[in-house]
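J.: Take this structure first; my questions come after.
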Amino acid sequence: MCLLHRSAPGFAARKGVDMNHWSAIHRHSLAWLQPTAIDAITADVSVEWRDSVADWVRLARPFVIRRRCPDDQAGAIPLGLSLPLSQGKQRIALAVRSSDIIRRMPPPALHEVIGGVDSDFRIPLERLLQGAEAIGTTFRVFGSLASQWLTDEQYQSPESDIDLLAAPEDLGRLYAIIELLTDWERETGRKADGEIFFPGGQAVAWRELAQATSPMLLIKTDSEVYLEKSSVLLNQLSQLAEEHVA
C-alpha cells in the first residue's frame, strides 16, 4: 500500500496542530538545565563525559528530550546531548528531575534556522520552505542542522542531510507533505529524513509512509517502539479533520 498520491492545492496555513503537539514535552523538544544542579545532573554520567555535560549546562545550551529507556529512573526526564564534530559528535544520555529544567521549547522551525546555512544548502532549503508555506505546514528541524544553529558549533558536513518533523492536521496535508519531500529530494539531490507526528503522539518516518508496502508501520513514541496498523494512524487524522469541521 502506498500512501502517496497527488494532493489538492490551496491549503490554508494553520499552526494549531503543530503548537498543540509541542505544548507538552515530547521527543526532540529542547530543555535548558539549572546550573546550580550540575552535580546532581552529572552524577550518573560517565566520568569521561562529565565535564562536557557540565560545560554544556554552564554555557546555557539546550539538551534534547529523548525516548525513555527501561533503565531510566521513574519520573526522570530523559535527555540526550550530541557533541560537535570537534568532539567526535559523541552522543551522551542522561536523565534529570523535572525541577532541573528551567526552560523548554519546541525544536526550531525551518524558517528560523535557514539563515545560518551555507549558500549551497540554503537555496534548496528556501525552496523547501516555500513549498511548506504553500501547503500550510510548519517543518521543525532537529539533528545536526538544529544543533549547529543552537550552539554556533560545527555539526554539519557537506554531505549532511536535513532532519525534519511535521504534524499534519488532516489526510490531505499528510499526502501533501509526503509529495513535497519526495519531489524536493528528486529535484535538488539532497536528502530529507524525519518523522510525521500523529494526533495520538505516535511518530512514523515520512519515508516509510511514502514507500509503505505493508499495512503495518514502525511507530515511535516518547517511550516505545512498536508496529501498528497504518489505518489506526490515518483514522486519527480523519477524526481530527472532522473535529475541525464540527
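J.: I'm trying to understand the selection: among the residues of the stretch 72-125, which are among the aliphatic types (A, V, I, L, M), closer than 21 Å to Arg61 by Cβ and part of a loop (DSSP other than H, G, I, E, B)?
T.: If the condition is that a residue be among the aliphatic types (A, V, I, L, M), closer than 21 Å to Arg61 by Cβ and part of a loop (DSSP other than H, G, I, E, B), then Ala76, Leu83, Val117 are the ones that fit.
J.: Scan the stretch 133-155 residue by residue and report those that are part of a loop (DSSP other than H, G, I, E, B) and either more than 21 Å from Phe63 (Cα to Cα) or free of Cβ contacts under 8 Å to residues at least 60 places away in the same chain (or both).
T.: Ile135, Gly136, Thr137, Thr138, Phe139, Asp152
J.: Residues of the stretch 174-195 being surrounded by fewer than 20 Cβ atoms within 10 Å (Cβ to Cβ) and outside any helix (DSSP H, G or I), which ones?
T.: If the condition is that a residue be surrounded by fewer than 20 Cβ atoms within 10 Å (Cβ to Cβ) and outside any helix (DSSP H, G or I), then Gly189, Arg190, Lys191, Asp193 are the ones that fit.
J.: Moving on to the next point. Before we move on, is Trp206 within 21 Å of His26 (Cα to Cα) and touching a residue at least 40 places away in the same chain (Cβ under 8 Å)?
T.: In short, yes.
J.: Going by the conditions given, is Arg68 in contact (Cβ under 8 Å) with a residue 24 or more places away in the chain and part of a loop (DSSP other than H, G, I, E, B)? Let's see the steps before the verdict.
T.: Numbers: in contact (Cβ under 8 Å) with a residue 24 or more places away in the chain: yes; part of a loop (DSSP other than H, G, I, E, B): yes.
For Arg68, the condition - in contact (Cβ under 8 Å) with a residue 24 or more places away in the chain and part of a loop (DSSP other than H, G, I, E, B) - is met.
J.: Ok, one more. Please find, within the stretch 21-45, the residue that is nearest to Arg61 (Cα to Cα) out of those that are surrounded by fewer than 18 Cβ atoms within 10 Å (Cβ to Cβ) and without any contact (Cβ under 8 Å) to a residue 40 or more places away in the chain.
T.: Top of the filtered list is Pro35.
J.: Also: Which residue pairs have Cβ atoms closer than 9 Å, lie 6 or more positions apart in sequence or on different chains, and pair a first residue in the stretch 109-128 that is over 16 Å from Leu181 (Cα atoms) and at pLDDT below 95 with a second residue that is surrounded by fewer than 18 Cβ atoms within 10 Å (Cβ to Cβ) and charged (D, E, K, R)?
T.: That search, which allows pairs on different chains as well, returns Ile114/Arg122; Ile114/Glu126; Gly115/Arg122; Gly116/Arg122; Gly116/Asp152.
J.: Okay, next question. Within the stretch 144-166, work out how many residues are over 16 Å from Leu30 (Cα atoms) and among the aromatic types (Phe, Trp, Tyr).
T.: Final tally of qualifying residues: 1.
J.: Hey, another quick one. For the stretch 66-97, enumerate the residues that are touching a strand residue (DSSP E or B) at 6+ places or on another chain (Cβ under 9 Å), hydrophobic (A, V, I, L, M, F, W, C) and over 24 Å from Ser157 (Cα atoms).
T.: Hits for the stretch 66-97 are Cys69, Ala76, Ile77, Leu79, Leu94, Ala95, Val96.
J.: Report the residue count in the stretch 109-137 for those that are under 16 Å from the mean Cα position of the chain (by Cα) and basic (Lys, Arg).
T.: Number satisfying all stated conditions: 0.
J.: Of all residues in the stretch 201-216, which are assigned to a strand (DSSP E or B) and more than 17 Å from Leu165 (Cα to Cα)?
T.: Within the stretch 201-216, Met216 is the sole residue that qualifies.
The values are calculated or read from the model by the stated rules, or taken from the named source; none is laboratory data. Just so we're clear, the structure is a prediction, and the values are computed from it rather than from any experiment. Virtual Cβ from ideal backbone geometry, glycine too; neighbours counted across all protein chains shown.
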